[in-house]
Amino acid sequence: MKLEDHINVTEAAHKGLNSYYRVALADLDAALSFLKQERARIGTITGKDARDHLEVLYHFALSGELHTVIVDLPSDAPDVPTITTQFEAAALYERELIGLLGINVIGIPDSRPLELPPKYDDPTPPLRRI
Amino acid sequence: MTVAGVNERGFAKLKVPIGPSHPALEEPARFLFEVEGEKVVDVDYEIGFNHRSIERLCQERPFSKIVYLVERICGICSHAHPLNHVERVEDIADIKVPERAKYIRTIYAELERIHSHMLWAGIAGEEIGYHTLFMYTWREREKVLDLFEMLSGNRVMHGCNTIGGVKWNISEEQARSAQSALSYLDTTADKIAKAVLKDGSIAERGKGIGGLSKEDAIRLGAVGPNARASGVPEDTRVMCKYAAYGDFDLEPQIANDGDVVAQALVRLAELKQSIHLTKDLFAALPEGPIKVEYDEIPPGRSVGRVEAPRGELIHYVETNGSRFFERIKIRAPTLANIPSYVPKFLGCQVADIPIIAASIDPCFSCTDRVTIIKGGKRTVVSGRDLKTGRI
């Protein structure tokens, strides 16, 4: 299955069992809807500080393949919509994004940081580069 | 314990915290149960009491040290983590690993599954008061640890994986000893299965306890034996055919209902399956080198899965051409299995909480700081130290 045949992607790469697609934030919902229709399962979500911007990588398992959808976010306004409306299992992974990278997940039902202690008061999230 | 309200029959609803210290098992997680009498009506959970910032540390260390670091994520899956990590790096650098190394990696992975499932059977027995089962399985599990010691020199941290292959070869004499030990373990697995599955009191104690429907398992993203106990036929070894798994025919072991008995059925079937597979691996061990050299790791990314004893383990690795990784992300199987606790606990009796908590074979591991002991002096590293690299 190749996502670029069905959805607008700005960049696509395939290697072995892995596929990577960079999509605009506006096209994320369409990409997720297509993967949901294909009965993909959310494997995990990786957040990354790419120095001049942030990246969120959604890893979906589809049988033996892994399809990764990548969206870029500005470092100063990292807002991304929750995907729990389509993939309920993503809730804990989105809470990781909030705590460890300071990404605002809009619409998430439970936004408590997952791993950090309640008294963690450093203004910079642990996985942001300084 | 606090009073949360009164139900329609005038009985108090109580909130009962369990954990974070030793909530049924020796790992930190906190559960907050709301109970009416003895019945659980709501549950919330909290993890992160042992978060060690390993992903951050992986970006702060040269890549040659990361294989050792990821090996220390888990004391039981101490082969699954480095196996996934080196496979990701080898995928990025297009390193062709020798067949013998793939087989040796698979042997370690299956021995790890054998001792982990035996450990689970013991803990599950302990949680329902069947101490004899605990004593028996843990005594027999020592045989697997002895095998590890014979093969690698270590019982827990094997240091087997390296980028490009493995570090420890297997001699013919070791293979013969291992076959003999595995034959013994095959008999042991039959005895454990008989002790668990033919015992009327275990069937009564575990049937219908902590159930999870197939629909809920899929909806909540459950993985590994926890999902397979609910009838989800997903096994990464079968689907991804990493290491040497492509050379063998494996069937995912599944059961129905997801309750404690189903969890036992799946793990005991996998215990037998892994023993037979390991014997086949030793018998078919190809000749040849165990490691290839590589020049450098180019920029790139790779994400992949291996079947750890507790389920699907995901590693994402991104390189940038330098000595340091750009990003390493690890999704341990227990994180995917935690949401399935909610339907498992709802409606259960308070006395069933420990066995349900232990039934998914959880392994909580995450923290906010790390203690370094250097020259006898202890220093606690803060989040700021980690970010600035002052360690």
Quiz item: When residues of the range B:40-49 are filtered for being surrounded by 16 or more Cβ atoms within 10 Å (Cβ to Cβ), touching a residue at least 60 places away in the same chain (Cβ under 8 Å) and not hydrophobic (A, V, I, L, M, F, W, C), how many remain?
Solution: 2
Exercise. Tell me which residues, restricted to the range B:258-302, are out of contact with any strand residue (DSSP E or B) (no Cβ under 7 Å at 6 or more places or on another chain), among the charged types (D, E, K, R) and closer than 28 Å to B:Ser64 by Cβ.
Key: B:Glu293, B:Asp295, B:Glu296
Self-check item: Of all residues in the range B:5-39 being surrounded by 17 or more Cβ atoms within 10 Å (Cβ to Cβ) and among the small types (Gly, Ala, Ser), the one that is nearest to B:Cys348 (Cα to Cα)
Solution: B:Ala24
Practice problem: State yes or no: is B:Ile192 touching a residue at least 60 places away in the same chain (Cβ under 8 Å) and of a type in the set (Val, Ile, Thr)? | Solution: yes
Quiz item: Quick one: how many residues across the range B:253-291 are assigned to a loop (DSSP other than H, G, I, E, B) and among the β-branched types (Val, Ile, Thr)?
Solution: 2
Practice problem: Taking A:Asp72 as meeting all but one of (1) within 13 Å of chain B (Cβ to nearest Cβ); (2) more than 18 Å from B:Arg219 (Cβ to Cβ); (3) at pLDDT 95 or above, write down the number of the exception. | Solution: (1)
Exercise. Test each condition in (1) surrounded by fewer than 24 Cβ atoms within 10 Å (Cβ to Cβ); (2) more than 14 Å from chain A (Cβ to nearest Cβ); (3) touching a residue at least 40 places away in the same chain (Cβ under 8 Å) for B:Asp216 and report the one that comes out false.
Key: (2)
Practice problem: Find the residue count for the range B:239-251, including only residues that are under 19 Å from B:Lys279 (Cβ atoms), free of Cβ contacts under 8 Å to residues at least 60 places away in the same chain and within 14 Å of chain A (Cβ to nearest Cβ). | Solution: 2
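To keep it simple, each residue is scored yes or no on (1) within 11 Å of another protein chain (Cβ to nearest Cβ); (2) closer than 15 Å to A:Leu57 by Cα; (3) touching a strand residue (DSSP E or B) at 6+ places or on another chain (Cβ under 7 Å); (4) surrounded by fewer than 20 Cβ atoms within 10 Å (Cβ to Cβ).
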position: A:Thr85; (1), (2), (3), (4): no, no, no, yes
position: A:Leu100; (1), (2), (3), (4): yes, yes, yes, no
position: A:Ile108; (1), (2), (3), (4): no, no, no, no
position: A:Pro113; (1), (2), (3), (4): yes, no, no, yes
position: A:Lys119; (1), (2), (3), (4): yes, no, no, yes
position: A:Thr124; (1), (2), (3), (4): yes, no, no, yes
position: A:Leu127; (1), (2), (3), (4): yes, yes, yes, no
Exercise. Test each condition in (1) closer than 24 Å to B:Ala351 by Cα; (2) modelled with pLDDT of 95 or more for B:Asp199 and report the one that comes out false.
Key: (2)
Quiz prompt | Within the range B:35-72, considering residues that are charged (D, E, K, R) and in contact with a Gly (Cβ under 9 Å, 6 or more places away or on another chain), the one nearest to the other protein chains (Cβ to nearest Cβ) | solution = B:Arg56
Quiz item: Looking at this structure, is B:Pro23 touching a residue at least 12 places away in the same chain (Cβ under 8 Å), within 27 Å of B:Pro333 (Cβ to Cβ) and in contact with a Leu (Cβ under 6 Å, 6 or more places away or on another chain)?
Solution: no
Quiz prompt | Top-ranked residue in the range A:50-69 [being more than 10 Å from the chain's Cα centre (by Cα) and surrounded by fewer than 22 Cβ atoms within 10 Å (Cβ to Cβ); ranked as nearest to the other protein chains (Cβ to nearest Cβ)] | solution = A:Gly64
Quiz prompt | Check on B:Val238, within 19 Å of the chain's Cα centre (by Cα), closer than 24 Å to B:Val166 by Cα and either crowded, with 22+ Cβ neighbours inside 10 Å or not hydroxyl-bearing (Ser, Thr, Tyr) (or both) | solution = yes
Quiz item: For B:Gly153, which of the numbered conditions (1) touching a residue at least 12 places away in the same chain (Cβ under 8 Å); (2) in contact with a helix residue (DSSP H, G or I) (Cβ under 8 Å, 6 or more places away or on another chain); (3) surrounded by fewer than 20 Cβ atoms within 10 Å (Cβ to Cβ) fails to hold?
Solution: (2)
Quiz prompt | Subset of the range B:131-147 (residues that are in contact (Cβ under 8 Å) with a residue 40 or more places away in the chain and either of a type in the set (A, V, I, L, M) or buried (at least 20 other Cβ atoms within 10 Å of the Cβ) (or both)) | solution = B:Leu133, B:Thr137, B:Glu140, B:Val144
Exercise. Among the residues of the range B:65-80, write down those that are within 22 Å of A:Lys48 (Cα to Cα) and in contact (Cβ under 8 Å) with a residue 60 or more places away in the chain.
Key: B:Ile66, B:Val67, B:Val70, B:Ile73
Quiz item: Residue check: is B:Ile338 on the phi < 0 side of the Ramachandran plot, β-branched (Val, Ile, Thr) and facing another protein chain (nearest Cβ under 10 Å)?
Solution: yes
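The values are calculated or read from the model by the stated rules, or taken from the named source; none is laboratory data. Given the structure is predicted, the values throughout are model-derived calculations rather than measurements. We place every Cβ from the backbone using ideal geometry, glycine too, and count neighbours over all the protein chains shown.
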